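Below is one structure, written out as structure tokens; comments come after it.
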Amino acid sequence: MANRTALTGNDAVAACMRQINPDVVAAYPITPSTDIVQSFAQFVADGLVKTNLVTVESEHSAMSATIGASQAGARSMTATSSQGLALMWEMLYIAASLRLPIVMPVVNRALSGPINIHCDHSDSMGARDSGWIQIYCENAQEVYDNLLQAVRIAEHPDVLLPVMVCQDGFITSHALENLFTEDDEFVRQWVGEYKPDRYLLDVDKPMTIGALDLQDFYFEHKRSQAEAMRNAPAVIAKVAEEFGAKTGRKYGFFEEYKLDDAEIAIVVLNSTAGTARPAVDALRKDGIKAGFLKPRVFRPFPHEMIAQALKHVKVIAVMDRADGFNGIGGPMFFEIRSSLYDLPKRPVVLNYVYGLGGRDVTTNDIKAVYNDLAQVAKTGKHDTLASYLGVRE
């Protein structure tokens, strides 16, 4: 039975981790994800979980310890942000390559330099091709629900890949929101007992870990890893369907808001979708057919479904909270524009980089983007593919 409560995004993660009761959590603190493990450590100290909490000397060590625990057959988790994720870099690839079902909450924060502790998506977007599944969350409810689903997705035998569950630093992580949490028994049954088919300490099925893999087999192993990512969409959909049936909270690969008849639309991740809703509502009252699409799953990228959802829109703005530094816009822009390339009639797709380092984005900022799109729809002309929203030029 669901219970209505008020939690921050970080506290929603910690509460969910308590219910999951992982075998091992290895972590090192970094703002703004610190209080996830701080709160979880209190659960450990109070005897509310049986988790072995490993406090290490760096984020690189946190992921290394998590990998070792997972390889030994333990359900393993950690959490991080920004430079912490960057310090894990080499280990992210190893976790994915070893097909380890690690679940890691990531609280999005700008990468240095200059030093900044506030939200943008440069950390997780930089890791988008590391082989991890990536799920993005608008609010604390989605953080809680997606973390529960991530365990089932990661551990499914057709997948066996690590999963990041991302939320916006401070905006979501430290904001108190009402949400529904499930009771402990529901979560215990939902995640089930973790029984890996193969693990390092199983003496009946000996295996080699960390072997040198040169021209003879490396390519095949990478291809197998890619196939696991291709299997993931079916599993993600199945887990979401079961979760919706049990809780009444339904999830897809993305959310569409007033998109069915939209002539202009934006694509936006995480908490900014909450800013976009009132902007769309106001524009609709003025007779402007505006809408938006909010991706939930960024890896694997659901390109065919997104193309179908956006194919009728005349002009689209992809809003990136990370820059591509002279790549032709931000990272999500590449994915959306590429997804629409094979349509018989392609929408005009523009890019807006916004909110870097936690710069506020307001409803009026979103309206300004829609006004730009309306002008392009009217004239068929635009000055540039990529723009910066809210920067002092």
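Here, each number is a calculation from the coordinates, and none is a lab measurement. This is a predicted model, so every value here is computed, not measured. Here the Cβ is made from the backbone with ideal geometry for all residues, glycine too, and neighbour counts use every protein chain on show.
Note on the chain: helix-only mean residue ellipticity at 222 nm, from DSSP H runs of 4+ residues weighted -39500 (n - 2.57) and normalised by residue number, equals -12500 deg cm²/dmol. Our summary gives the stretch 124-224 a relative contact order of 25 percent, counting only alpha carbon pairs under 8 angstrom and 6 or more residues apart. Label-to-label distance for Phe217 and Tyr341 is 3.4 nm, based on points extended 7 Å past Cα in the beta-carbon direction. Placing pseudo-labels 7 Å out from each Cα toward the beta carbon at Gln38 and Lys238 gives an inter-label distance of 4.1 nm. Between Asp383, Asp35, Asp23, the residue with the greatest mean-square fluctuation in the GNM of the chain (Cα pairs under 10 Å linked by springs) is Asp383. Classify the stretch 254-389 as rounded, prolate or oblate from the Cα gyration tensor: take a ≥ b ≥ c as the square roots of its eigenvalues, call it rounded if a/c is under 1.5, otherwise prolate when a/b beats b/c and oblate if not. Rounded shape, in that the Cα axes give a/c under 1.5. Springs between alpha-carbon atoms under 10 Å, Gaussian network over the chain: tell me which of Cys166, Cys137, Cys16 tops the mean-square fluctuations. Its mean-square fluctuation being the largest, the pick is Cys16. Just to be sure I understand: of the beta bridges DSSP finds with both ends in the stretch 254-389, what percent are antiparallel, rounded to 5? Taking every DSSP beta bridge with both residues in the stretch 254-389, the antiparallel ones total about 20 percent. The label point for His382 and the one for Asp197, both projected 7 Å from the Cα toward the Cβ, are 4.5 nm apart.
Subtracting the Cα-Cα distance of Phe180 and Thr362 from 0.36 nm times their residue separation leaves 62.8 nm of extension gain. In percent, rounded to a whole number, the relative contact order of the chain is 16, using alpha-carbon pairs under 8 Å and six or more apart.
DSSP assigns beta bridges within the stretch 250-310; of those with both partners inside it, close to 50 percent run antiparallel. Relative to the dominant Cα principal axis of the chain, helix 218-247 is inclined by about 80°. Evaluate the charge dipole of the chain about its Cα centre and quote only its size in Debye, nearest 20, assuming +1 on the Cβ of each Lys and Arg and -1 on the Cβ of each Asp and Glu. Using Cβ point charges on Lys, Arg, Asp and Glu, the chain gives about 960 debye. How many angstrom separate the Cα center of the stretch 107-169 from the Cα center of the stretch 175-214? So the separation of the two Cα centres works out to 17 Å.
In the chain, the longest principal axis of the Cα atoms and the axis of helix 272-285 are about 30 degrees apart.
In a fully extended conformation the segment linking Asn371 and Arg4 would gain 128.3 nm over its present Cα-Cα distance, using 0.36 nm per residue. Contact order for the stretch 254-389, expressed relative to its length and based on alpha carbon pairs under 8 Å spaced 6+ residues apart, stands at 28 percent.
Against the chain, whose longest principal axis is taken from its Cα atoms, helix 363-379 shows a tilt of about 50°. Taking Ala240, Ala150, Ala45 in turn, the Gaussian network model of the chain (Cα-Cα springs below 10 Å) assigns the largest fluctuation to Ala45.
For the chain, the share of DSSP beta bridges that are antiparallel, to the nearest 5, is 25%.
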